[in-house]
Amino acid sequence: MILVLPVAGKGTRLRPHTLITPKPLLKIAGKTIISHAIDSLIHLPVEKILLVVGTDGNGVFEYVKESYKIPVDFVVQEKPLGLGHAIYVALEKIKENKEVLILLGDTILKADLKNFDENFIGLSPVDNPSRFGVAVCEGERIVRLVEKPKEFISNLAIAGIYFFKDSKELKKAIKETIDKNIKTKDEYQLTDAIQILLEKGAQIRKQDIKLWLDCGTQSALLESQREILKQRNENRGILKNSLVIPPVYIEDNTLIKDSVIGPFVSVGKNSRIEHSLIRDSIIGENTEIYNLNITSSLIGNNAKIEGEEKELNISDFSQGKI
């Protein structure tokens with residue numbers, strides 16, 4: 001099968017960080033978002049990774065190509081016309097009829113994926129279904145999909161993963177939405193194309209997702225890190241008169257002096273933290289922090305900060321942007 005990863009989004013809800021670093025390459029718990037995503041599926045029989053990138057997505061492609069041994073290719077989505085359009089661009093690149101596994105590039109999940117005998121969509125119950133594409137099911141079968149419904153029809157949200165045995169049939173359905181200008185929220189949606197398949201008799205089963213983490217906003221990013229750190233606690237920093245409260249992920253050559261770090265904190269390599277109290281935060285590489293009491297904060301690479309208690313959202317200073 002081919003693993004298709006749409007990563008063309010601009011990550012506007014994570015600015016200023018995404019003004020410099022593409023969202024898939026932001027780190028949580030010491031690993032990039034896209035590596036968390038791929039690593040959850042790399043054990044499957046994937047023959048190639050196909051990235052759908054934006055016009056400035058070469059850095060994401062180079063990172064994935066260098067990080068994984070299996071073949072990696074990319075295709076550019078020139079205009080942000082929606083997820084359906086992004087997948088159509090990818091399927092245009094696939095000349096043969098192939099099995100495709102689609103994973104949204106800012107999605108991290110855990111699921112027991114063993115049965116690839118038929119089409120499936122990953123689903124997870126949520127409290128606020130109006131924010132998501134949702135599925136209506138009869139038993140194990142999906143019978144209807146609706147993108148961000150205004151009225152309650154189901155609490156089973158589409159959890160960012162899809163499997164189709166016939167890439168050409170999926171491509172044909174997406175093309176129908178484009179040809180007929182079928183849009184939701186002014187974009188060509190994958191859910192609308194799959195609904196066409198369902199109406200034509202396609203069989204799609206639900207796949208229960210054990211853990212579904214979203215990385216689209218600052219609060220979601222921090223929540224995802226909290227879940228990951230429960231399984232990824234590690235401290236390689238240098239401690240001087242300091243206390244680390246797990247779980248944390250502190251990388252090499254980081255000095256922690258006269259400080260309390262944790263719980264749920266990650267710190268990038270070559271950083272320095274002194275006289276500070278940091279909880280529930282992501283701190284980048286080569287960053288210096290002095291006299292701060294912070295929580296629920298994102299601080300990028302190459303920052304130097306000294307101050308008092310506050311909530312921060314500070315980007316990478318290495319290129320003169322904030």
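The values are calculated or read from the model by the stated rules, or taken from the named source; none is laboratory data. The model shown is predicted, which means the values in this text are computed figures rather than measured ones. Here Cβ is always computed from backbone atoms with ideal geometry, including for glycine, and neighbour counts include all displayed protein chains.
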**Complete:** Just one listed residue, out of S67, S130, is touching a helix residue (DSSP H, G or I) at 6+ places or on another chain (Cβ under 7 Å) and of a type in the set (G, A, S), and it is S67
**Message:** Suppose we keep only residues that are among the small types (G, A, S) and touching a residue at least 40 places away in the same chain (Cβ under 8 Å) within segment 78-131. Which one would you say is surrounded by the fewest Cβ atoms within 10 Å (Cβ to Cβ)?
**Reply:** A111
**Asked** What residue, of V76, V143, V136, V53, is modelled with pLDDT under 95, in contact with a Cys (Cβ under 7 Å, 6 or more places away or on another chain) and not aromatic (F, W, Y)?
**Response** V143
**Message:** Can you say whether F163 is under 18 Å from D208 (Cα atoms), at pLDDT below 90 and out of contact with any Ser or Thr (no Cβ under 6 Å at 6 or more places or on another chain), as far as the supplied structure shows?
**Reply:** no
**Asked** Which of (1) free of Cβ contacts under 8 Å to residues at least 60 places away in the same chain; (2) assigned to a loop (DSSP other than H, G, I, E, B) does L51 not meet, given it meets every other one?
**Response** (2)
**Message:** Suppose we filter L113, L104 for residues that are under 28 Å from K27 (Cβ atoms), among the aliphatic types (A, V, I, L, M), under 17 Å from the mean Cα position of the chain (by Cα) and assigned by TED's automatic domain parsing to the domain that holds R205; which single one remains?
**Reply:** L104
**Item:** Given (1) aromatic (F, W, Y); (2) touching a strand residue (DSSP E or B) at 6+ places or on another chain (Cβ under 6 Å); (3) at pLDDT 90 or above, number of the condition Y188 does not satisfy
**Value:** (2)
**Inter-residue pairs, beta-carbon under 7 Å, first over 10 Å from G84 (Cα atoms) and in segment 178-194, second surrounded by 16 or more Cβ atoms within 10 Å (Cβ to Cβ) and of a type in the set (V, I, T), 6+ apart** = none
**Asked** Which residues, taken from segment 62-103, are more than 15 Å from I2 (Cα to Cα) and not in a helix (DSSP H, G or I)?
**Response** V76, Q77, E78, K79, P80, L81, G82
**Asked** Taking segment 251-300, which residues are assigned to a loop (DSSP other than H, G, I, E, B), among the hydrophobic types (A, V, I, L, M, F, W, C) and within 17 Å of G30 (Cβ to Cβ)?
**Response** F264
**Item:** Qualifying residue in segment 208-227 (condition: modelled with pLDDT of 95 or more, under 30 Å from L298 (Cα atoms), under 26 Å from the mean Cα position of the chain (by Cα) and of a type in the set (F, W, Y))
**Value:** no
